Amino acid sequence: MKSFDNTKYWNVGLTATITLIIFLFFTIIQVLVITYFSYLSPEISQESLAYSNLGSISIVSSFISLLILFGFIRVKNISISNYLNISIPKISDTILFIVLSFILMMISEFISNRYPNIFDDNFVIDSYQQATSLPLFYVGVVLFGPLFEECLFRGFLFKGLEKSFLGGNGAVFISAILFSIIHIQYGVWVILCMLLPMAILLGYARLKSQSLLLPILLHSINNLLTCIITHFEVY
C-alpha cells in the first residue's frame with residue numbers, strides 16, 4: 001500500500017475545508033468591495049458596478065485571499081514555494097502545454113462559433129465594455145485572477161489531494177471540477193465544453209511539470225487572448 005508523508009502538509013479533509021474557507025473569504029471580500037463602490041455611487045446598481053469595476057474587485061479580493069492562503073501554509077512551517085511547487089518548469093513541458101492550450105482554445109472558439117445560441121453569454125463582453133479602466137481590468141483578469149485561482153486550486157488544493165489516497169489523477173479531476181463550478185456565471189455549456197477541459201489541461205500541466213508556474217502561465221495566456229478577442233468584438 002502506498003504511503004504518504006502528510007506531516008508537512010494539511011491532510012485532504014483539512015485541505016478541502018481550508019480551501020472552502022478561503023473561497024468564502026474571497027467571495028465576502030468581493031461583496032465588500034462592490035458595497036464600497038455602491039456607497040460611492042448609490043445611483044448605480046450593484047450589478048453594473050460589478051461589471052464596471054471587475055478589475056479592481058479581482059485585484060483586491062485576489063491579493064487579500066492570497067495572503068490568507070499563505071498564512072495557512074506558513075502554519076505548517078514550510079516555505080510557500082515548496083508547498084505550492086513554485087519552480088521553473090522544463091522548456092519541453094512549457095512548449096507542449098502551450099501548444100495543447102492553443103489547440104484547446106481553437107476548438108472552444110470553433111464550438112462557440114458553430115453553436116452561438118448555446119454559448120450566448122455576455123458576462124465577458126459586458127464586463128469589458130463597461131470597464132471604467134481597461135488597464136485595471138487587464139491586471140485583475142490576466143494577472144491577479146489566474147494567480148489566486150491557480151495558487152488555490154492547482155497549488156494548495158492540488159497538494160492536499162495529491163498527497164492523499166486520490167493521487168495525482170484524482171487531484172487533477174477533482175480540482176478541475178471544483179474550479180469549473182465556481183465559474184457558474186458563465187453557464188453550464190461553457191463550463192462543460194470550455195472551462196472543464198481547460199481546467200483538466202491545467203491540472204495535467206501541474207502534474208507533469210511539477211510546477212505551479214506553468215498552469216499560472218497557461219491560465220494568464222488564456223485570459224489575455226480572451227480579452228484581446230473580446231476587445232475586437234466590442235470595438
One residue is enough: does the range 213-221 have a residue meeting the conditions under 23 Å from Val99 (Cβ atoms), open to solvent by less than 60 Å² (accessible area, probe 1.4 Å) and at pLDDT below 95?
no
Going through (1) touching an Asp or Glu at 6+ places or on another chain (Cβ under 9 Å); (2) farther than 16 Å from Asn222 by Cα; (3) open to solvent by 30 Å² or more (accessible area, probe 1.4 Å) one by one, Ile88 fails only at (1)
Looking for something open to solvent by 40 Å² or more (accessible area, probe 1.4 Å) and farther than 21 Å from Leu20 by Cα - is there at least one such residue anywhere in the range 146-166?
no
Out of Ile174, Ile200, Ile191, Ile229, which single residue is open to solvent by 50 Å² or more (accessible area, probe 1.4 Å), more than 25 Å from Leu134 (Cβ to Cβ) and β-branched (Val, Ile, Thr)?
Ile174
What pairs come out if I take residues in the range 107-118 that are farther than 15 Å from Thr226 by Cβ and pair them with residues that are open to solvent by 70 Å² or more (accessible area, probe 1.4 Å) whose C-beta lies under 9 Å away, six or more apart or interchain?
Tyr115/Trp189; Ile118/Trp189
Could you list, in sequence order, all residues of the range 112-124 that are of a type in the set (A, V, I, L, M, F, W, C) and surrounded by 15 or more Cβ atoms within 10 Å (Cβ to Cβ)?
Phe119, Val124
Can you confirm whether Ser56 is in contact with a Leu (Cβ under 9 Å, 6 or more places away or on another chain), within 25 Å of Leu218 (Cα to Cα) and either in contact (Cβ under 8 Å) with a residue 24 or more places away in the chain or open to solvent by less than 50 Å² (accessible area, probe 1.4 Å) (or both)?
yes
Expected output for the range 10-27 (first residue more than 19 Å from Phe148 (Cα to Cα), partner outside any helix (DSSP H, G or I), Cβ below 6 Å, 6+ apart or cross-chain) is Val12/Ser164
Candidate set from the range 177-188 (those that are hydrophobic (A, V, I, L, M, F, W, C) and open to solvent by 50 Å² or more (accessible area, probe 1.4 Å)); member that is nearest to Ser112 (Cα to Cα):
Val188
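The values are calculated or read from the model by the stated rules, or taken from the named source; none is laboratory data. From a predicted model like this one, the values you see are computed outputs, not experimental measurements. Every residue, glycine among them, receives a Cβ derived from its backbone with ideal geometry; neighbour counts consider all protein chains shown. For the accessible areas, the whole protein counts, side chains as well, though only heavy atoms, and no ligand, DNA or RNA atoms are used. Shrake-Rupley method; radii C 1.70, N 1.55, O 1.52, S 1.80 Å.
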